[in-house]
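Scroll down for the structure; my scribbles are underneath it.
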Amino acid sequence: MVTHLLIPGLVSDGRIWRALGDMLAPRGPVVHGDVTRDDSIAAMAARLLAEIEGPLVIVGHSMGGRVAMEMAHQAPCRIRALVLANTGHNAQGANERPKREAKIALGHESMQNLAAEWLPPMLDPARTDDAELMAELTDMVLAAGADVHERQIRALMGRPDAGEYLPQLDCPILLLTGAQDGWSPEAQHQHIADLTPDAELRVIESAGHFMPVERSDETNAAINDWLERRAADIYD
């Protein structure tokens, strides 16, 4: 039986894919992956592969998408399909480290201040005054805490260049991003699609980087539609 592994991103948890997990349950087991304990993308991928047996459909958001690609790199024979949402594939950029280090320092000073600075640019600008959404995302960031934040940021700074192995991934891949995602825009996902043999790209309107919670109905419908169309390749 195929297990659906749902992986959250930076300072995120099962709330990101909660609605999707409920939708996927009739198709088979659903596991929410824990990526809080390891200090590299490769180690996160290896731990999840060791903890979960059998074939996998992996759904990853942001950093979780990078972990999903690395899992497919480490164990291609076990991966039936990938759903990569609001993610990227390149290694660390030339000017990235100082900005990341500043975020680490801010997190240790005040996770509340980190959330207030980091979250609004991650959303569709039309949603930044949505008090309920902002409160839920802020609570998620605070629940992660400064140590997990630093560990995950350092894992991202040392991330592999997935572009080196994406052409070898032969499983079906669905790429999703929000039309208002300035952090992981459509062009970035198109580049991943161009590198892989079997990929489809969908863009969700009125959604930013937190697309799976900003537009959960639309996101989940796109995933369900794709899984139904590719069911013979994934579940048989």
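The values are calculated or read from the model by the stated rules, or taken from the named source; none is laboratory data. What you see is a predicted model; the values in this text were computed from it and never measured. All Cβ positions, glycine included, derive from the backbone under ideal geometry; neighbour counts span all protein chains shown.
A count restricted to the range 44-64 and to residues that are under 17 Å from Ile16 (Cα atoms) and in a helix (DSSP H, G or I) stands at 2. Number of residues in the range 72-96 that are without any contact (Cβ under 8 Å) to a residue 40 or more places away in the chain and under 15 Å from Tyr165 (Cβ atoms): the value is 3.
Within the range 1-43, the only residue that satisfies the criterion of being crowded, with 17+ Cβ neighbours inside 10 Å, assigned to a helix (DSSP H, G or I) and charged (D, E, K, R) is Arg27. For the range 109-119, the set of residues classified as over 13 Å from Val11 (Cβ atoms) and either of a type in the set (Gly, Ala, Ser) or surrounded by 13 or more Cβ atoms within 10 Å (Cβ to Cβ) (or both) consists of Ser110, Ala116, listed by residue number. There is at least one residue in the range 138-159 that is outside any helix (DSSP H, G or I) and surrounded by 16 or more Cβ atoms within 10 Å (Cβ to Cβ). Candidates Ala105, Ala115, Ala68: the one that is within 24 Å of Leu20 (Cα to Cα) and either of a type in the set (Lys, Arg) or assigned to a helix (DSSP H, G or I) (or both) is Ala68. Counting the residues of the range 166-195 that are surrounded by 15 or more Cβ atoms within 10 Å (Cβ to Cβ), in a helix (DSSP H, G or I) and either out of contact with any His (no Cβ under 6 Å at 6 or more places or on another chain) or without any contact (Cβ under 8 Å) to a residue 40 or more places away in the chain (or both) gives 8. Pairs linking a residue in the range 97-113 that is closer than 21 Å to Glu136 by Cα to a residue that is among the acidic types (Asp, Glu) and surrounded by 11 or more Cβ atoms within 10 Å (Cβ to Cβ), with Cβ atoms under 8 Å and 6 or more positions apart or on different chains, are Leu106/Glu117; Gly107/Glu150; His108/Glu150. The listed residues are Met122, Met134, and the only one of them that is farther than 27 Å from Pro197 by Cα, without any contact (Cβ under 8 Å) to a residue 60 or more places away in the chain and surrounded by 15 or more Cβ atoms within 10 Å (Cβ to Cβ) turns out to be Met134.
The combined condition, being of a type in the set (Val, Ile, Thr), in contact with a Leu (Cβ under 9 Å, 6 or more places away or on another chain), at pLDDT 95 or above and surrounded by fewer than 19 Cβ atoms within 10 Å (Cβ to Cβ), is not fulfilled by Ile58. Look at Met157 and say whether it is aliphatic (A, V, I, L, M), in contact (Cβ under 8 Å) with a residue 12 or more places away in the chain and out of contact with any Lys or Arg (no Cβ under 9 Å at 6 or more places or on another chain). So Met157 fails the test. Only a single criterion out of (1) touching a helix residue (DSSP H, G or I) at 6+ places or on another chain (Cβ under 7 Å); (2) of a type outside the set (Val, Ile, Thr); (3) under 23 Å from Thr177 (Cβ atoms) is not satisfied by Ala75, namely (3).
For the range 183-236, a residue qualifies if it is among the acidic types (Asp, Glu) and more than 28 Å from Glu136 (Cβ to Cβ), and the qualifying residues are Asp194, Asp198, Glu200, Glu228, Asp233, Asp236. Restricting Glu136, Glu214 to residues that are over 29 Å from Ala91 (Cβ atoms) and either touching a helix residue (DSSP H, G or I) at 6+ places or on another chain (Cβ under 6 Å) or of a type in the set (Asp, Glu) (or both) narrows the list to Glu136.
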